[in-house]
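The values are calculated or read from the model by the stated rules, or taken from the named source; none is laboratory data. Everything numeric in this text was worked out from a predicted model, so none of it was measured. Note that each Cβ is placed from the backbone with ideal geometry, even for glycine, and that neighbours are counted across all protein chains shown. Areas reflect the complete protein model, heavy atoms only, side chains present, ligands, DNA and RNA absent. Shrake-Rupley method; radii C 1.70, N 1.55, O 1.52, S 1.80 Å.
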Amino acid sequence: MDLEYHVEKILWTEQQISHRVSELASEIIQDFTPQNNAPAFVGVATGAFLFLADLVRKIQLPISVDFIRADSYGLGTVSNGNPRIPFDLKVDVQGKHVILVEDIVDTGNTLSCLIDHIKSKGASSISVCTLLDKPARRKVHFELVGKGKYYCGFECPDYFVVGYGMDFAELYRNLPYIGVLKPEIYS
């Protein structure tokens, strides 16, 4: 099965993604100094794993890295609106600045849930760094904590996208670009 035949069109190439990830890393580095407490980068598994890996390799500051899992899609293409956290943090975030690293912010349900969860663990501030933001689908307004900032790679049109860590039914994560999945694949 050639996964590329399932992609209707490419929205962002591997080179465009790499360039934007470098820009996001530069923004984050400017906002943190080595004298600050080392921020904790928390990747939202599994979709953000490639983005997180590429991003933190460009951050020339002392940092910690961890993952959290929030399930809201299952095997479908639409969030069920009720995320759960089956895999929690190992890193103690009490008193730390946390940068939640997301593949895509869609309805805002999952992100809002994760921010509340990490806030309950005592994080002093929470920022969000998302590769894609899909504001057309937003249903829940989320609030950053403390001096948290919102870093966004690209604004995504309202398509179902795959690649660069993002999947449909656990496939397509390994595509080096982000593309629109043909509707007949998931309909």
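Taking only protein heavy atoms into account and a 1.4 Å probe, give the accessible area per residue of the chain in Å².
Values: 9130 Å² over 187 residues.
Spelled out: the 1.4 Å probe surface of the chain, per residue, equals 49 Å².
Annotation: the chain has a Kirkwood hydrodynamic radius of 16.7 angstrom, from the mean reciprocal C-alpha pair distance.
Ignoring everything except DSSP H segments at least 4 long, calculate the 222 nm mean residue ellipticity for the chain; use -39,500 (n - 2.57) per segment, divide by total residues, nearest 500.
Details: 4 runs with 42 residues, N = 187.
For the chain, the value works out to -6500 deg cm²/dmol.
The largest-to-smallest principal axis extents of the Cα set in the stretch 87-148 are 34, 24, 17 Å. Using the empirical formula 2.2 N^0.38 Å as the baseline, the Cα radius of gyration of the stretch 18-66 reaches a ratio of 1.10. By a 1.4 Å probe calculation restricted to protein chains, residue 150 has an accessible surface near 80 Å², given to the nearest 10. Summarising the overall dimensions of the stretch 3-43 from its C-alpha atoms, the Rg and Dmax are 15.8, 49 angstrom.
Would you mind giving the three semi-axes, in whole Å and largest first, of the ellipsoid equivalent to the stretch 121-160 according to its Cα gyration tensor? The partial results should precede the final answer.
On the way: eigenvalues 108, 26, 10 Å².
Over the Cα atoms of the stretch 121-160, the ellipsoid semi-axes are 23, 11, 7 Å.
Dimensions of the stretch 145-187 along the principal axes, based on C-alpha atoms and rounded to the nearest Å, stand at 43, 21, 17, largest first. Per-residue accessible area (protein heavy atoms, 1.4 Å probe) orders 18, 127, 187, 120 as 187, 120, 18, 127, starting from the largest. So if a site counts as exposed when it's one of the trypsin sites (Lys or Arg not before Pro), its DSSP state isn't H, G, I, E or B, and it has at most 12 other Cβ atoms within 10 Å, what's the longest stretch of the chain without one? The answer is 1-56.
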